[in-house]
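Step one of this worksheet: look at the structure below.
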Amino acid sequence: MTKLKSAKDIPIGGIIPEPGNSRAYRTGEWRSQRPVWIPEGCVHCLMCWVYCPDNAIEVEDGKVKGIDYNHCKGCGICVRECPRKEKALRLEREA
Amino acid sequence: MGSRQHVAMTGNEAVAHAMRQINPDVVAAYPITPQTDIVQFFSQFVADGMVKTEFVTVESEHSAMSATIGAAASGARAMTATSSQGLALMWEMLHIASGYRLPIVMPVVNRTLSGPINIHCDHSDTMGALTTGWIQLYSESAQEAYDNMIQAVRIAEHPDVRLPVMVCQDGFITSHGIESLEVLSDDEVAQFIGEYKPAYSVLDVDNPVTVGPLVLPDYLFEMKFQQAKAMEASRRVILEVGKEYARLTGREYGFLESYKLEDAERVIVVLSSTAGTTRAVVDELRRKGEKVGLLKPRVIRPFPASELRDALSHARAVAILDRAETFSTQGGPLFCEIRAAFYDAPKRPLMRNYIFGLGGRDVGTSQIESVFADLAEDVARGSVKTPVSYLDVRE
Amino acid sequence: MATLRELSRMPEVLVPGHRMCAGCGAPIVVRQVLRAAHAPVVVANATGCLEVSTTIYPFTSWQSPWIHTAFESAAASLSGVEAAYRSLKRQGKISQDIKFVAFGGDGGTYDIGLQSLSGALERGHKMVYVCYDNGAYMNTGIQRSSATPKGAETTTSPVGKVQPGKRGSRKDLTKIVAAHNIPYAAQVSPAHWNDLYAKAEKAFAADGPAFLNAIAPCPRGWRYDSSDTIELCRLAVDTCFWPLYEVENGKIRVTYKPKEKKPLVEFLKRQGRFNHLLRPGNEGLLEELQQEVDRQWEDLLAQSES
């Protein structure tokens, strides 16, 4: 937990001048189940990516690179929507 | 207009004229009696290409304030105007404007709040808005409404303040009465108000800012504290701007205007147009040798408590006239605050309250005379018999 | 038609770390819509799940400028932003081309924000308003709104001994918006991402106000497993509960016709909020709901230019 700032140290009006700083907030801790990506079975159709509410499917150059477990909440949409089914994405219980 | 001149205008016309000279980037407004003229005059300025303003003809006052907030948060100088029910409909947005620290200037033409519906003057609309975080300036005349508008821009936009300002005048009495006043030239106004330098802008897409997030108990209190500090800072700024305006116009504005107060034993405190009536009565009674005086607050947010104490401490009896009822049964808003300001004072004059003029009930010299007469009885008795009474109501 | 590979190269405006529930439909809609802006955007948000969950101070999930004022005021506040943009651009103080988009839930759009939306549409502000319709006040704990389907159970339309969930049909907001004669209005579903993308592109390109009504399932409020979000969007479309169509300059066009129109119950039975409708004794209500969907779908087809 970061130290709370004083009134004189925060911008006026409640504004947040750091765009996209929520990346530092880890919603991955919410997860009770995790999608596991199987690169060899993946055809990089990106259905998992376009349907992810949390932008947690890492894509580079049009190809899936992995899963952002810092933010993935484990909703399971990617696994459900993957046309390769169990071959490319599998849902596992969190340890 | 190229030069300074004397003109005959209504209060509404004077305010619209000031708005044209301020030349805001955006005005979003909705018509309501008795403010409507302001919107109409300004619409004509827009239609004639006399202003650079984008005029947003919103579908309600709630949207008027919402759009004005949106524009102000976009780095634009933004204004609206309203009265009564319109101000009431804006209520939640008033807090948002001040909470977001947006220097919106809004003329308010005071009118009572329904119900029953009534379109005439009292101060129940803006008195209800005392806790919204807006600075409030009250105007006795069209001249003052005009002068307050110009100064309000500077007060609101000052980097130490950045708070919205209401510029109030009495509905119909001032808004529709024609007066002679001096208006500045367009250049003088432009120079006096200067360029607007916003604290932030959502149109700055290279430096994106989030405006209006969800703030939890860990930070909201600090933000309200910042607002309170800004309101405190506005006390200095209001006086500075008033002095600078005096150098330009010869008309100086502070927190209060006193009239024949120095040696006054009996004093009436009243806002806006009724001060004019009271001044005439003071003159009349002074001619008869009575030591009476008038104190007219111009600013009540921030509340000039120490100035009021200084101005009134020598008086023997003070009547505070409130054109609004709080239904607390303990008196009107001005009365309660002024009385509270004297709690720690070593010397306290006798103080009583009159609720007056609700729903546009006329207040003439005879009513004001009766107040001074009541004060004389209090002085003779050495105590206040009726702390709160209703002036000229059929009980 | 853009491919997902192409879309994935575009910058994300809504970044991770937001606190929408797992499986929420709204951020999927937002991500898909914003990819079609092709310019810097200023986002306005009505009070609601999306607003609170993406901007918990001092965090923001928005990469673009973003403004929230109140529940009913997203369209009005964005009107002010857009007016400021026009004013400052005309004065030469801004040179960039900027797009304006508002997001509101069904509460902030169908109900409390309808007046300010209507005003903004009538005035012709160049903005895209996106309603993410999850059919109830989910942020406050699943209270019925005027977007709640007939028969649905919510906390203010509970199922009781004398009341079978929400009474009365939901409001047809897309048609109400289209009746403002704005350049573009459409109904979209994030399951049909390509249809949604094409419509969002049209909305952002429109010379005036545009409106997208997006179905956005809520796992908590609809009571289903969070992995079913997209499947429910698909079923909503395939049962014609949520037809995909657009109204472009007054012309209605159905953009997707299910090959085989599924019975409404296929959509309803996957959601806990309709459980009671499947119990014996409620066959009549179920039939009534099916007939309503059928009638509306037939009407839409009749109005649609092929």
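See the values below:
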{"quantity": "The range C:28-56, subset facing chain B (nearest Cβ under 7 Å) and open to solvent by 10 Å² or more (accessible area, probe 1.4 Å), residue nearest to the chain's Cα centre (by Cα)", "calculated": "C:Val52"}
{"quantity": "Among (1) open to solvent by 40 Å² or more (accessible area, probe 1.4 Å); (2) over 20 Å from the mean Cα position of the chain (by Cα), the one test that B:Phe42 misses", "calculated": "(1)"}
{"quantity": "Residue tally, condition assigned to a loop (DSSP other than H, G, I, E, B) and out of contact with any strand residue (DSSP E or B) (no Cβ under 8 Å at 6 or more places or on another chain), over the range B:305-322", "calculated": "2"}
{"quantity": "Selection from the range B:180-201 of residues that are among the polar types (S, T, N, Q) and either within 20 Å of the chain's Cα centre (by Cα) or open to solvent by less than 40 Å² (accessible area, probe 1.4 Å) (or both)", "calculated": "B:Ser185, B:Ser201"}
{"quantity": "All positions within the range A:24-49 that are within 23 Å of C:Pro190 (Cβ to Cβ) and within 12 Å of the chain's Cα centre (by Cα)", "calculated": "A:Thr27, A:Gly28, A:Trp30, A:Arg31, A:Arg34, A:Pro35, A:Cys48, A:Trp49"}
{"quantity": "Subset of the range A:46-80 [open to solvent by 50 Å² or more (accessible area, probe 1.4 Å) and farther than 16 Å from C:Ile28 by Cα]", "calculated": "A:Glu60, A:Asp61, A:Lys63, A:Lys65, A:Tyr69, A:Asn70"}
{"quantity": "Flag for C:Phe59 being more than 9 Å from chain B (Cβ to nearest Cβ) and among the hydrophobic types (A, V, I, L, M, F, W, C)", "calculated": "no"}
{"quantity": "Hits in the range C:73-89 (condition: facing chain B (nearest Cβ under 7 Å) and of a type outside the set (Val, Ile, Thr))", "calculated": "C:Ser73, C:Ala76, C:Ser77, C:Leu78, C:Ser79, C:Gly80, C:Ala83, C:Ala84, C:Tyr85, C:Arg86, C:Ser87, C:Leu88"}
{"quantity": "Test result for C:Glu201, assigned to a strand (DSSP E or B) and among the charged types (D, E, K, R)", "calculated": "no"}
{"quantity": "Condition check for B:Ile69: of a type in the set (Val, Ile, Thr) and away from chain C (no Cβ under 12 Å)", "calculated": "no"}
{"quantity": "Residues of the range C:57-66 classified as open to solvent by 10 Å² or more (accessible area, probe 1.4 Å) and within 22 Å of B:Glu92 (Cα to Cα), total", "calculated": "1"}
{"quantity": "Residue in the range C:167-176 that is hydroxyl-bearing (Ser, Thr, Tyr), touching a residue at least 24 places away in the same chain (Cβ under 8 Å) and either crowded, with 22+ Cβ neighbours inside 10 Å or more than 14 Å from chain A (Cβ to nearest Cβ) (or both) present", "calculated": "yes"}
{"quantity": "Unmet requirement for B:Gly289, which otherwise passes all of (1) within 30 Å of B:Gln191 (Cβ to Cβ); (2) small (Gly, Ala, Ser); (3) open to solvent by 40 Å² or more (accessible area, probe 1.4 Å)", "calculated": "(1)"}
{"quantity": "The range C:103-120, residues that are over 14 Å from the mean Cα position of the chain (by Cα) and open to solvent by 10 Å² or more (accessible area, probe 1.4 Å)", "calculated": "C:Ile112, C:Gln115, C:Ser118"}
{"quantity": "Strands (runs of 3 or more DSSP E) completely within chain A that count 1 or more residues being more than 12 Å from chain C (Cβ to nearest Cβ) and touching a residue at least 40 places away in the same chain (Cβ under 8 Å)", "calculated": "A:33-37, A:89-93"}
{"quantity": "From the options B:Lys288, B:Lys243, B:Lys229, residue that is under 22 Å from B:Ala142 (Cα atoms), free of Cβ contacts under 8 Å to residues at least 12 places away in the same chain and either assigned by TED's automatic domain parsing to the domain that holds B:Glu144 or over 20 Å from the mean Cα position of the chain (by Cα) (or both)", "calculated": "B:Lys243"}
{"quantity": "Check on C:Thr69, buried (at least 22 other Cβ atoms within 10 Å of the Cβ) and at the interface with chain B (Cβ under 10 Å from one of its Cβ atoms)", "calculated": "yes"}
{"quantity": "Residue within the range B:367-383 that is small (Gly, Ala, Ser) and open to solvent by less than 30 Å² (accessible area, probe 1.4 Å) present", "calculated": "no"}
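The values are calculated or read from the model by the stated rules, or taken from the named source; none is laboratory data. This is a predicted model, so every value here is computed, not measured. We place every Cβ from the backbone using ideal geometry, glycine too, and count neighbours over all the protein chains shown. Remember, those area values only see protein heavy atoms, side chains included, never the ligands or the DNA or RNA. Shrake-Rupley method; radii C 1.70, N 1.55, O 1.52, S 1.80 Å.
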